[in-house]
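Undergrad: Attaching a single structure in structure tokens format; questions to follow.
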Amino acid sequence: MLIAQLSDCHIATADDEFAKLYRPAEKLVEAARHVNSSVNRPDLVFLTGDLVNSAKRKEYDVLKEILPEFKMPVYLLPGNHDDCALLRAQFPDHDYLPKSGDLCYAVDGWPLKFICLDTNLHGKPQGFLGEEQLAWLDRELAVETTRPVVIFMHHPPFRTGLVSMDEMGLLDRAAFAEVIDRHDHIERILCGHLHRAIQKLVGGALAQCCPSTSHQVRLLLGEKNELGTAFEPPEYLLHYWTETDGLVTHSDYVKDYKIAWTLKDGVVS
Ligand SMILES: [Fe+2]
Ligand SMILES: [Fe+2]
């Protein structure tokens, strides 16, 4: 199976200066059309947070208009730019979202089990899971120990070296790593927030950040008090699962680049 992870679409309304700078809504539509028509068309899409930019109802209205562009099921996660109450209220048809408490849930019915976490700290840029959600995660991981698990969460559970972004990191990452360390069937931990492709082992599992469909964060390793964005190409991750080889992650640009050549059935075109 193929799972597309798109992240940090930061939808804003057309009149917003942010939207004039980055065109996030148009870019998400382009991304949806790209994954729909791709030869590597995914079975499922996960949007790993910062769905909108300023946690406004009108921004969720724009997102609501865009989501039907995707021709496969889409699962939503909150990021620090989201408002969980608004998200829940605006998407009642996304009935996997719990009616109260943290917006964490599990998706069954596939060869992999997907566990989605809520790192939103209500108005703050940092992420936090909390004891209750970590206990829920621990229980969900213990329910079935043979089927591999993929965890989705907005804030990555590790420091990246992008110092200004790390200051907006997951506060209880050590407690999270302890839970992960107790289980050996975690195939991947998939995150957003950093607007770049970054990987690190956490509690014995590979944790990975997804680039943004809107704009990327500048690569400023070790730089204190410096943060910037760049118009690097919109990008997403494609996670390819086979029973024989497990989960392999590829990245793809939203743009269709000109093909230099293709060799098919011995013929070059
Ligand atoms: Fe973001
Ligand atoms: Fe974020």
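Undergrad: The chain: longest stretch without exposed GluC sites (Glu not before Pro) (DSSP loop, at most 16 other Cβ within 10 Å), sites themselves excluded?
TA: Working: sites that count: GLU144, GLU167, GLU223, GLU226, GLU243.
Segment 1-143 is the longest.
Undergrad: With a 1.4 Å probe and every protein chain left in place, work out the accessible area per residue of the chain in Å², rounded to a whole number. Could you put the intermediate results ahead of the total?
TA: Details: 12690 Å² over 269 residues.
Each residue of the chain exposes 47 Å² on average to a 1.4 Å probe.
Undergrad: Have a look at MET72, ALA4, TRP261 and report the one farthest towards the positive end of the charge dipole of the chain, computed about the Cα centre with Cβ charges (Lys/Arg +1, Asp/Glu -1).
TA: Selected residue: TRP261.
Undergrad: With +1 assigned to the C-beta of every Lys and Arg and -1 to the C-beta of every Asp and Glu, and no other charges, what is the dipole magnitude of the stretch 2-268 about the Cα centre in debye, to the nearest 20? Mind dumping the intermediate values first?
TA: Details: 27 positive and 40 negative charges, 98 e Å.
The calculated dipole for the stretch 2-268 is roughly 480 debye.
Undergrad: Just grab the label-to-label distance for GLU132 and ASP265, each label 7 Å out from Cα along the Cβ direction, in nm (one decimal).
TA: 5.9
Undergrad: While we're here: Give, in nm to one decimal, the length gained when the segment between LEU171 and ASP61 is fully stretched (0.36 nm per residue of separation minus the Cα-Cα distance).
TA: Working: separation 110, 0.36 × 110 = 39.60 nm, distance 3.07 nm.
Full extension from LEU171 to ASP61 adds 36.5 nm.
Undergrad: Mean residue ellipticity at 222 nm from the helices of the chain, using -39,500 (n - 2.57) per DSSP H segment of n ≥ 4 over the full residue count, to the nearest 500 deg cm²/dmol?
TA: Values: 7 runs with 64 residues, N = 269.
When only DSSP H runs of four or more count, the value is -7000 deg cm²/dmol.
Undergrad: Next question. What percent do you get for the relative contact order of the chain when only Cα pairs under 8 Å and 6+ apart count?
TA: Values: 602 pairs, mean separation 49.5, N = 269.
Relative contact order, the chain: 18 percent.
Undergrad: Separate question: Bins of 5 Å, beginning at zero and ending with the bin holding the largest distance: percent of Cα pairs per bin for the chain, please.
TA: Whole-percent P(r) values from 0 Å outward: 1, 6, 13, 18, 20, 17, 13, 7, 3, 2, 1, 0.
Undergrad: Provide the FRET efficiency to the nearest 0.05 for the GLU243-SER164 pair, computing r from the beta carbons and using R0 = 35 Å. It would help to have the intermediate numbers written out before the result.
TA: Details: r = 41 Å, r/R0 = 1.18.
After rounding, the FRET efficiency stands at 0.25.
Undergrad: In nm, what is the difference between 0.36 nm times the number of residues separating ASP43 and ALA197 and their Cα-Cα distance? Mind showing how you got there, number by number?
TA: Details: separation 154, 0.36 × 154 = 55.44 nm, distance 2.18 nm.
Additional length available on full extension: 53.3 nm.
Undergrad: Same structure again: Within the P(r) computed for the stretch 133-251, what percentage of the Cα pairs occupies the region above 25 Å? If you can, show how the numbers build up before the last one.
TA: Working: 1923 of 7021 pairs.
That fraction is 27 percent.
Undergrad: With a sphere of radius 13 Å drawn around the Cβ of ALA175, what net charge do the other residues whose Cβ falls strictly inside it have (Lys, Arg +1; Asp, Glu -1)?
TA: Cβ neighbours under 13 Å give a net charge of -4.
Undergrad: Using a 1.4 Å probe on the protein chains only, how many percent of the accessible area of the stretch 2-268 belongs to carbon and sulfur?
TA: Numbers: 6510 of 12550 Å².
Answer for the stretch 2-268: carbon and sulfur cover 52 percent of the accessible area.
Undergrad: Evaluate the distance, in nm, between pseudo-label points positioned 7 Å from the Cα of SER54 and of ASP108 along their respective Cα→Cβ axes.
TA: 4.2
Undergrad: Projected onto the charge dipole of the chain (+1 at Lys/Arg Cβ, -1 at Asp/Glu Cβ, origin at the Cα centre), which of SER164, GLY101, ALA175 gives the Cα projection farthest towards the positive end?
TA: After comparing all options, I get SER164.
Undergrad: A further question follows. Given R₀ = 45 Å, what would the calculated FRET efficiency be for THR146 paired with ARG33, taking r from the Cβ atoms and rounding to 0.05?
TA: Numbers: r = 37 Å, r/R0 = 0.83.
Taking R0 as 45 Å, the efficiency between THR146 and ARG33 is 0.75.
Undergrad: While we're on this one: Where both partners of a DSSP beta bridge lie in the chain, what percent of those bridges are antiparallel, to the nearest 5?
TA: Working: 26 of 47 bridges.
DSSP beta bridges in the chain are roughly 55 percent antiparallel.
Undergrad: Also: For the chain, set up a GNM with springs between Cα atoms under 10 Å and report which of LEU117, LEU141, LEU221 has the largest fluctuation.
TA: LEU221
Undergrad: What relative contact order, as a whole-number percentage, does the stretch 130-245 give when Cα pairs under 8 Å and 6 or more residues apart are counted?
TA: Working: 198 pairs, mean separation 27.1, N = 116.
The normalised contact order for the stretch 130-245 reaches 23 percent.
Undergrad: Quote the FRET efficiency, to the nearest 0.05, computed for ASP95 versus ASP181 with a Förster distance R0 of 22 Å and r equal to the Cβ-Cβ distance.
TA: My answer for the efficiency is 0.10.
Undergrad: Count charges around GLY204 for me, please; just the other residues with Cβ under 13 Å from its Cβ, Lys/Arg as +1, Asp/Glu as -1.
TA: Numbers: positive: ARG182, ARG188, LYS200; negative: GLU178, ASP181, ASP184, GLU187.
Net charge around GLY204: -1.
Undergrad: Right, next: Using Cα positions and a limit of under 18 Å, work out the lysines in reach of LYS58, with same-chain residues fewer than 8 apart set aside.
TA: Correct list for LYS58: LYS20, LYS27.
Undergrad: Would you mind counting up the charge near LEU87? Only other residues with Cβ under 13 Å from its Cβ, with Lys and Arg at +1 and Asp and Glu at -1. Working shown, then result.
TA: On the way: positive: LYS56, ARG57, LYS64, ARG88, LYS99; negative: ASP50, GLU59, ASP61, ASP82, ASP83, ASP93, ASP102, ASP118.
Net local charge, LEU87 excluded: -3.
Undergrad: Can you send over the solvent-accessible area of LYS64, 1.4 Å probe, protein chains only, in Å² to the nearest 10?
TA: For LYS64, the solvent-accessible surface is approximately 90 Å².
The values are calculated or read from the model by the stated rules, or taken from the named source; none is laboratory data. Small disclaimer: the values here were computed from a predicted structure and weren't measured. All Cβ positions, glycine included, derive from the backbone under ideal geometry; neighbour counts span all protein chains shown. Side chains are part of the model used for accessible areas, which takes the heavy atoms of the whole protein and leaves out ligands, DNA and RNA. Shrake-Rupley method; radii C 1.70, N 1.55, O 1.52, S 1.80 Å.
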